[in-house]
Amino acid sequence: MNDSSNEPDLAFDIDALFSHLVDELGVDLSIPMDWTFTLRGSDIGQLKSIADTLDEYQCELEEAVEEIDSQGRLSLGRPMLSVVKTGALVPSEVKKIADQMQQIAGRTGIEYEGVEVFDAIDDDELFDWLSLDEAVWRLRHFNDSGLNPGEVLPWVFLLMGNSLEQMQSLAEALVIGGFDNSQADEDPDEDGRFGVFVFQEGSNDEERLVAAHRQITKIATEHGAEFEGIQFLSEDDFIDVTVDLDD
């Protein structure tokens with residue numbers, strides 16, 4: 001039986017973390033990753049003040065984080081500051097940032113909980129339409145980044161067809177089917193096809209997303225339309241993004 005106490009703590013042993021990523025997981029570290037350094041404290045205001053000094057990083061504050069103890073009991077933990085550096089970093093660079101976080105913790109009395117690494121989402125790909133499988137993986141990335149399971153998360157589905165009349169009929173059927181905010185786009189795309197956007201107040205819930213996809217694609221198929229993709233944007237944000245992309 002292996003003694004787990006002899007295993008390195010990958011959150012703090014940077015050399016062991018790199019060895020694990022390369023030798024055991026086969027990760028290509030020449031590709032930029034999200035290196036996430038976690039600080040915890042009892043005062044959200046103190047963490048915000050620290051975040052304000054870290055301009056060279058992406059900082060994400062959470063006022064309360066759900067935690068599960070060894071007996072499966074759920075509770076709300078202390079506020080958390082995630083300090084993210086995206087890049088193809090080498091061990092010396094990660095160690096330098098870790099040292100910086102430890103110095104901040106020692107100076108302010110908060111706790112440094114180590115570093116984790118996640119796949120980075122490319123900004124150029126962030127607003128592409130996702131397949132169902134890609135959308136599920138995006139949810140898992142959100143989980144890894146600190147979004148709580150079941151937390152509110154907007155969804156928008158895109159369906160495509162050959163004529164405006166067809167898609168207007170589909171939008172009406174979707175509304176009848178319970179998808180109240182379904183809108184046919186009167187402007188065709190560059191291939192002359194027309195779309196329907198289905199906006200929902202969704203959540204960070206894989207099963208619920210898959211079920212909604214199943215219902216929507218069933219109605220779409222009955223009207224001769226095809227599923228094009230999913231995005232995690234509210235209607236207002238979607239309008240802002242499409243306007244920015246058009247510009």
*Any residue at all in the stretch 27-35 that is surrounded by 12 or more Cβ atoms within 10 Å (Cβ to Cβ) and assigned to a helix (DSSP H, G or I)?*
no
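When you go through Val198, Val175 one by one, which is the residue that is crowded, with 18+ Cβ neighbours inside 10 Å, modelled with pLDDT of 95 or more and either closer than 16 Å to Leu132 by Cα or β-branched (Val, Ile, Thr) (or both)? So that I can check it myself, show each step before the final result.
On the way: Val175 fails: crowded, with 18+ Cβ neighbours inside 10 Å.
After applying the criteria, what remains is Val198.
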*Tell me which residues, restricted to the stretch 171-197, are within 28 Å of the chain's Cα centre (by Cα) and on the phi > 0 side of the Ramachandran plot.*
Gly178
*asked:* Suppose we filter Arg40, Arg78, Arg140, Arg107 for residues that are modelled with pLDDT under 90, in the same structural domain as Ile14 (by TED's automatic domain parsing) and among the basic types (Lys, Arg); which single one remains?
replied: Arg78
*Options Ile239, Ile219: the member that is at pLDDT 95 or above, more than 12 Å from Leu158 (Cβ to Cβ) and in the same structural domain as Ile176 (by TED's automatic domain parsing)*: Ile219
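The values are calculated or read from the model by the stated rules, or taken from the named source; none is laboratory data. Everything numeric in this text was worked out from a predicted model, so none of it was measured. All Cβ positions, even for glycine, are placed from backbone atoms using ideal geometry, and neighbour counts span all protein chains on display.
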